[in-house]
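**Student:** This is the structure I want to talk about, given as C-alpha cells.
The values are calculated or read from the model by the stated rules, or taken from the named source; none is laboratory data. Bear in mind the structure is a predicted one, so any value in this text is a computation, not a measurement. Note that each Cβ is placed from the backbone with ideal geometry, even for glycine, and that neighbours are counted across all protein chains shown.
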Amino acid sequence: MADPPPDPDRDAVERYLAGEGEPAFLELYERHTPALFQFALRVVGGSTADAEDAVQEAWLRASRRLEEFRWDSTLRTWLMGFTLNCAREVLRRRQRRRRDGKAAAAGAASPPTTLAVVDLERALARLPEDFRIAVILHDVEGFTHAEIGRLLGIEEGTSRSRLHRARRALRPLLRP
Amino acid sequence: MKRNDRFEWTEEERRLFEALPRERDPGPALRRQVLDALRRRGRPHRSRKRWRRPLLGAAAAIVVFAAGVAVGLSLDPGPGARPLAETDSLGDPVRIQHLGTAYATAIASVAARDGEEIPPEARKVALNTLRGAAEQLASLPGHEPEVRGLLLSIRDLSGGDVDDSATLERWF
C-alpha cells in the first residue's frame, strides 16, 4: 500500500518548531489566512478592521501554542477556534465602545459578487451574535454539533437547538 | 467537519450557502502587521525546549573543559598554558574555575530564555559570547577535537544567526 501523502501543515509546523521560524510560519500563514479572514469577517458582521484584529490576535496566540497542538483535529479547525474566540472578543469590545458612546464607523467589507449572496451575507450580519455564530459554524463552515460544542463550550443539544432557532430567525431576513 | 442537519433549508437556500465565498485575501497589510507583532514578541522563534537542553549542554561542556584546564594548570602548568597563568591576576586555578562556571552558566541561561522574556539581540549576544569562550579554550593546545565539537554544537544552536564557519576553518 502506498504511503499517505505528506501533510504540508504538519511538515511546516515541525519545521517551525525545529527552529526554521519565519519561513515556516509564513507558509502556514499564507495557506490558512484567507479562510480565517473570511470566517472572522462573517463572525464580526462584516467589519474589515475588526476581522483583521481578530485574525492577527489569533495568529499571535496560535504561534505561542503550536507546541501544544496534538493533531487531534486539522490545523485549520484548531486555528478557527482561536479566530472565533478572538472575533468574539472583538465583538464584545465593540459592544462596550457602543455602550460608551464612542463607537466608530466600521469599515465595510467589499461586496461579494452576486445579489443573492449579498442578501445572505447581510442577513447573517443582522442576526444576534450567538445565532450568527451557530449558522456560520454549522451551515457555512460545516462543523458538526460535537465540534461546535467543543469550540463554544456548550452541549451538543444546546448547539442543535441554537441552530434551529437561528435558522428560524434567519429565514425571514432572507425574504424581501 | 461534516455537513448534516441541513433539512430545514430549501434547495434555493442551500445553494446560497454553497455559493458563499470561503476565502478572502486580507491583503499584504495584515501580513506585515502579524509579522511585526510576532517579531516584537520575539517570534517566530525556536522552540524553548529544543533550545534549552543543548545550550545548557554546551555550557556544561565549557565548564567541564575549563575545570580540566584549571586542574591542569594547578598540577603542572605546561608551556602552552603558562602565558595564561602568568597574566591572570587571580593566580588561583580554583577561583578561575568557579568564575568560569558562573560565567558560562549565566550566559547559557540568558541564551536559553524564550524570546518573550528576552530580546532576540540579547540571545544572539549570549550565543556569540559562548562561542567566544569556546574559541578562547581552543587556543590552548591538545584539545582540538573537544572544542571543535563544542563549536559545532553552538553553531547548530545559533542557526543562521552566527556564522562561525570561517572560525572553524581558521582554528582547525
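**Student:** Starting from residues that are out of contact with any helix residue (DSSP H, G or I) (no Cβ under 7 Å at 6 or more places or on another chain) and not charged (D, E, K, R), keep the ones in the stretch A:78-97 and report whichever is farthest from A:A40 (Cα to Cα).
**Tutor:** A:Q95
**Student:** Which of the following residues is within 12 Å of another protein chain (Cβ to nearest Cβ), modelled with pLDDT of 95 or more, assigned to a helix (DSSP H, G or I) and surrounded by 13 or more Cβ atoms within 10 Å (Cβ to Cβ): A:A24, A:A51, A:A87?
**Tutor:** A:A51
**Student:** For the stretch A:144-172, name all the residues that are facing chain B (nearest Cβ under 8 Å), closer than 27 Å to A:P34 by Cβ and without any contact (Cβ under 8 Å) to a residue 24 or more places away in the chain.
**Tutor:** Those that are facing chain B (nearest Cβ under 8 Å), closer than 27 Å to A:P34 by Cβ and without any contact (Cβ under 8 Å) to a residue 24 or more places away in the chain: A:T144, A:H145.
**Student:** May I ask you to say which residue of A:L137, A:L151 is modelled with pLDDT under 95, in a helix (DSSP H, G or I) and not β-branched (V, I, T)?
**Tutor:** Answer to the check: A:L151.
**Student:** Let me ask something additional. Can you pull out the residues in the stretch A:32-47 that are touching a helix residue (DSSP H, G or I) at 6+ places or on another chain (Cβ under 7 Å), within 11 Å of another protein chain (Cβ to nearest Cβ) and not small (G, A, S)?
**Tutor:** Answer for the stretch A:32-47, where residues must be touching a helix residue (DSSP H, G or I) at 6+ places or on another chain (Cβ under 7 Å), within 11 Å of another protein chain (Cβ to nearest Cβ) and not small (G, A, S): A:H32, A:T33, A:L36, A:F37, A:F39, A:L41, A:R42.
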